[in-house]
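In what follows, a single structure is set out as structure tokens and then discussed.
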Amino acid sequence: MDKEERKTINQGQEDEMEIYGYNLCRWKLAIVSLGVVCTGGFLLLLLYWMPEWRVKATCIKAAVRDCEVVLLRTTDEFRMWFCAKIRFLSLETHPFLNPKSMTNKVANGHAVHLTENLAEENRHEMNKYSQTQPQQVRYFTHHSVKYFWNDTLHNFDFLKGLDEGVSCTSIYEKHSAGLTKGMHAYRKLLYGVNEITVKVPSVFKLLIKEVLNPFYIFQLFSVILWSTDEYYYYALAIVIMSIVSIVSSLYSIRKEPLYVHFLRSKLKNIHISLFLSLNPEIEEIFSTDLVPGDVMVIPLNGTVMPCDAVLINGTCIVNESMLTGESVPVTKTNLPNPSVDIKGMGDEFYSPEIHKRHTLFCGTTVIQTRFYTGELVKAVVVRTEGFSTSKGQLVRSILYPKPTDFKLYRDAYLFLLCLVAVAGIGFIYTIINSILNEVEIGVIIIESLDIITITVPPALPAAMTAGIVYAQRRLKKIGIFCISPQRINICGQLNLVCFDKTGTLTEDGLDLWGIQRVENTRFLLPEENVCNEILVKSQFVACMATCHSLTKIEGVLSGDPLDLKMFEAIGWILEEATEEETALHNRIMPTVVRPAKQLLPESTPAGNQEMELFELPAIYEIGIVRQFPFSSALQRMSVVARVLGDKKMDAYMKGAPEVIASLCKPETVPVDFEKVLEDYTKQGFRVIALAHRKLESKLTWHKVQNISRDVIENNMDFMGLIVMQNKLKQETPAVLEDLHKANIRTVMVTGDNMLTAVSVARDCGMILPQDKVIIAEALPPKDGKVAKINWHYADTLTQCSNSSAIDSEAIPIKLVHDSLEDLQVTRYHFAMNGKSFSVILEHFQDLAPKLMLHGTVFARMAPDQKTQLIEALQNVDYFVGMCGDGANDCGALKRAHGGISLSELEASVASPFTSKTPSISCVPNLIREGRAALMTSFCVFKFMALYSIIQYFSVTLLYSILSNLGDFQFLFIDLAIILVVVFTMSLNPAWKELVAQRPPSGLISGALLFSVLSQIIICIGFQSLGFFWVKQQPWYEVWQPQSDACNTTRSLYWNSSHLYNESNVDTHNIQNYENTTVFFISSFQYLIVAIAFSKGKPFRQPCYKNYFFVVSVMILYVFILLIMLHPVASIDQVLQIVCVPYQWRITMLMIVLVNALVSIMVEESVDRWGKCCLSWALRCRKKIPKAKYMYLAQELLVDPEWPPKPQTTTEAKALVKENGSCQIITIT
């Protein structure tokens, strides 16, 4: 039974969950119903808030396969609970198919079972009515994804399309013909409508959800209680405040631009041309009716893709900015067909990620299509059902974000529990005191519950968010937009920021610095000008002219910025065939490149110039026959081209120098290739290598269209290097210096070359000149050998680079020892590429955290590796920020504690922050505002805690004499003082510069707790002093309406007060000398602690620069002093204050002044000396640091084997199963 009870879905994925089965139990339901009635509906609310309790209270455990309700729990650190009801999808008898067999094939969720055998499907269509009983498939929906029961897996699984388990061969052989009508209808029944349906909740539903928030339920309870105790005005004020709060909350949810944009934007329901199996005609259907396996026609004039589909015929130019953040059009080619390749690719499985250059993604815009010999551009639909597509996954990530885990919020809940405990003490004290004084039972209940509403302030959540709201407004003013306001506080804790390189630290565009050609296996001297008549017919320039993905859109050349710069440098012209030309001619070359006219005539005799001007451009043209787009995984691209008139075709290739050199004939690669490349990369240049070879004459146009790129991309001749310059942005060094001064680590994460990245890191100050760079080259297990890491010192390589005789792999030991002598005082940095990073994560789990501590440069990183890096840094307790241009950084931007995108395109919407200006200067601004917001949260929390305790103690003191604060006294304190102070003390702007000190991350810290406790003791002490001292005064007596402590029998004030008091019987015993004393002293105490807690430097501007706060506090001080020293009859009547002698008023003023002096002196002492005492105490105790990275740093300081010595190898031994770690040995 145990095995059946608990299963795991989405195993190994981000949204992995445990699943438990339950069936509804009638007797449990009856007991719960009775409990709901007995508790007046409170039990129902509790079960609404706690889905786990709701299911367990009303259901009994059952096997997952037979259950009626599933309980889901996430396996991450949050362990959140969800519940879902099991539903049934009826697959009724259909005239076109056999339900039983189809259920077995489709409902198991595996695409390979779903679509592999077309012949079998046809047999089922013939056997139409063999099954009479309708079939039912069990499923549940969670976060907009349907999970179907899979009999093969004995578990629930989401329905997949052709994106998993389908080979490239089968896409052509079994799916290129399309579906039969019957199969299409059946799949539509199973997959449902192809649209991203996000219901925008109605105002009523949002209202109900908001009102059922525990905070508002507590307020409702408080309002009912106050109303029964005749505190009508105060109750009304709280109701009005709550309504305003709810309305503003609803308004912000409904009017949030991103929310409205995504929740209301649906892909337009467009007409799609569809190929159906066994049907020669093209059928028109709506895009909402598409299912996986359909073959759709991509229109000539382009379209917005309604699904994910793989191209099987033709070429498309696509704008993918919605997904990638790149506004550069991308060329998509048809999926290679292994069955017709000269050299087969084997039975490779299709994957949208691996074959993204052949996949059209949902939501992306097809700008234009190209086809040959009148054939249509066709694509096989691989994913539909809205949220399964690429755009759907992006929308899901916004609709259901991962909750933010921050110590401040955890501590806030703990603090609330402490307040509840304090309230409990007051509750018991009130009951005992009231019973001893023989108070009525009704009054006892009301007053004892009232103490709870006083201790736990209803305005606390609103007060806590005030600082964040103000910070959000200030960020908006400087061009930083935020979709996750809670993250602003977390940004105040950032101690490490990862930066993308290109477009973030450096300029977006690349400038062509020059070229270095190879002749007779030797490098020639670098050349700056490529656009000249000497090189115009060279293979080098031909490669630059053809090996790119440029296209003309509305007559304008567009494509990758690097390709554009390269093509512009040679001054050639690109021409594309029109649709009419393509339709008229068979096997036409779609793209032709040729030199500009002015490049050619000078090479011919002057007399023959006119003829040559006409002929040569026509003669020397190169047609691009086939293009193999750039692949980040392969780090190269290639084309097959033919010079007009030549019989043989040419293959040209460009890409990462290391990759290109490995695919060339060794004899064509210069011996000093590595040294030349290293020299360029160390200077920060971006280097691209070119290669070429003549293809065999037997390769016809038709064969080239179906050939595998592996056949073309080998045995090439190395032609030389193109050197591109990527300049640093002007503000980069200054911003990084500010971050370093603030003790914030900076890390570079880039897709560029390792040494280029190290060079840029040095140039921008990320790695200082005296710092050591250790390159970790990790190799996976191979041929029975274990994984290993080779360590190289980049700096020692530089020192040797002048001598070509010295091999970079054999550095003299003496030099190594010399360089290692000062390692204790010199900082060191690790650099590695994406492949090494993956090997280290998989095979060196014990070593990975150590590398995270000093890893600074991560090169050749794929998008998913960037996300893994962020997670690895978070695993050692860093608060990680990520700044990127949104292109390949979406995952990392979402995963980081504070992700800030420099791109305003649609893909970056998943990032918590987006900067309007594409500059990294937004990073320190965000951290400054985060620190200010965090300090504001602490100040407000401390103030609200003191407000609760001060009012709690005031009421407790007055309860001892069976008195209380009056209705308008509560109103004055809560509205005039507390609300005004809270919302103005939060207005302090951020401090103008970043400092090395960081604000505390949680409320439970020594200095902060001491500050709060000391202020509580001071306030309680001075309140008690006033309360008991007033009783010792010679004029004191138990106050009666006729009392005349002020000797004002004949005065107008006394008369009006007397008349007022006689006409309004004081049933609650509000008016007395103790009440008046406690009211005045406590009113001043609220203002005193507000000033004491309003911290300024080093995180916020001083409080005297917060003019609203200063003016508000001054007005309140003047007003309270006025009514205390010079009573105003009408105000005293409203506030139910009694007249006390003038000398007692002066005494109260003295108590308040001494209280203020003590409070501010103690708070300043805590600020100044608290940290010193705390650090001294920690040193005495030798406390282990809480953050893992700090603990690791301490360990590594005394580790003689760290950092690894150069030219050593670290090997991983077999995994030890007990702890999952690996043993590491170092071989010198």
(request) Using a 1.4 Å probe over the heavy atoms of the protein chains, calculate the carbon and sulfur portion of the accessible area of region 136-225 as a whole percent. (result) 62 percent
(request) State, to one decimal in nm, how far the label point of Ser662 lies from the label point of Gln705, with both points 7 Å from Cα in the Cβ direction. (result) 3.3 nm
(message) What number comes out for accessible area per residue over region 701-768 if the probe is 1.4 Å? Units Å², please.
(response) 33 Å²
(request) Could you work out the Rg to Rh ratio of region 713-752, with Rh taken as the Kirkwood radius (inverse of the mean 1/r over all Cα pairs)? (result) 1.28
(message) Heavy atoms of the protein only, probe of 1.4 Å, neighbouring chains included. What is the accessible area of Lys698 in Å², nearest 10?
(response) 140 Å²
(request) Could you please state, rounded to a whole Å, how far the C-alpha centre of region 420-471 is from the C-alpha centre of region 923-969? (result) 14 Å
(request) At a 1.4 Å probe radius, which order do Tyr793, Tyr413 fall into by accessible area, largest first? (result) Tyr413, Tyr793
(request) Would you mind computing, in nm to one decimal, how far apart the modelled labels at Glu528 and Val671 are, each placed 7 Å from Cα along Cα→Cβ? (result) 3.2 nm
(request) Would you mind checking which residues have amide H under 5 Å from Val773's amide H? H placed 1.01 Å from N; only 5 or more apart, or other chain. (result) Ala794, Asp795, His829
(request) Grab the beta carbon distance between Leu1153 and Ser960, set R0 = 22 Å, and tell me the FRET efficiency rounded to 0.05. (result) 0.25
(request) Counting only heavy atoms of the protein chains, get the accessible area per residue of region 1065-1167 (1.4 Å probe) and round it to a whole Å² value. (result) 40 Å²
(request) Could you check how much of the accessible area of region 407-548 is carbon and sulfur, as a whole percent, using a 1.4 Å probe? (result) 63 percent
(request) Quick one: what are the phi-derived ³J(HN,Hα) couplings along region 43-50, Karplus 6.51/-1.76/1.60 with θ = phi - 60°, whole Hz, x for glycine and proline? (result) 4, 4, 5, 4, 5, 5, 6, 10
(message) Return the equivalent ellipsoid semi-axes of region 445-559 as a descending list in whole Å, where each equals the square root of 5 times an eigenvalue of the C-alpha gyration tensor.
(response) 66, 17, 12
(request) Can you tell me the order of 860-869, 1087-1096, 673-682 when each peptide is scored by its average per-residue count of other Cβ atoms within 10 angstrom, highest first? (result) 1087-1096, 860-869, 673-682
(request) Provide the per-residue ³J(HN,Hα) series for region 375-381, in order, calculated from phi with Karplus coefficients 6.51, -1.76, 1.60 and θ = phi - 60°, each as a whole number of Hz, with x at glycine and proline positions. (result) 6, 7, 7, 10, 9, 8, 5
(request) May I ask you to evaluate 6.51 cos²θ - 1.76 cosθ + 1.60, the Karplus curve with θ = phi - 60°, for each residue of region 928-940 and list the ³J(HN,Hα) values in order in whole Hz, giving x for glycine and proline? (result) 4, 5, x, 5, 5, 5, 5, 5, 4, 4, 5, 4, 5
(request) Quick one: check the C-alpha center-to-center distance for region 864-880 versus region 697-773, whole angstrom. (result) 22 Å
(message) If you average the alpha carbon positions of region 30-61 and of region 217-242, how far apart do those two centres end up, in angstrom?
(response) 27 Å
(message) Please compute the length gained on full extension between Lys835 and Asn714, using 0.36 nm multiplied by the number of residues separating them and subtracting their Cα-Cα distance.
(response) 41.3 nm
(request) Amide H neighbours of Gly720 under 5 Å, at least 5 residues apart or on other chains, H built in the peptide plane: list them. (result) Val518, Leu690
(request) Calculate, in nm to one decimal, what Glu283 and Gln1101 gain on full extension: separation in residues at 0.36 nm each, minus their alpha carbon distance. (result) 287.7 nm
(request) Set the Förster radius R0 to 30 Å, insert the Cβ-Cβ distance between Met80 and Glu993 as r into 1/(1 + (r/R0)^6), and round the FRET efficiency to 0.05. (result) 0.15
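The values are calculated or read from the model by the stated rules, or taken from the named source; none is laboratory data. A quick note: this is a predicted structure, and the numbers were derived from the prediction, not measured. A quick note on method: Cβ atoms are made from the backbone with ideal geometry, for glycine too, and the neighbour counts reach across all protein chains shown. Side chains are part of the model used for accessible areas, which takes the heavy atoms of the whole protein and leaves out ligands, DNA and RNA. Shrake-Rupley method; radii C 1.70, N 1.55, O 1.52, S 1.80 Å.
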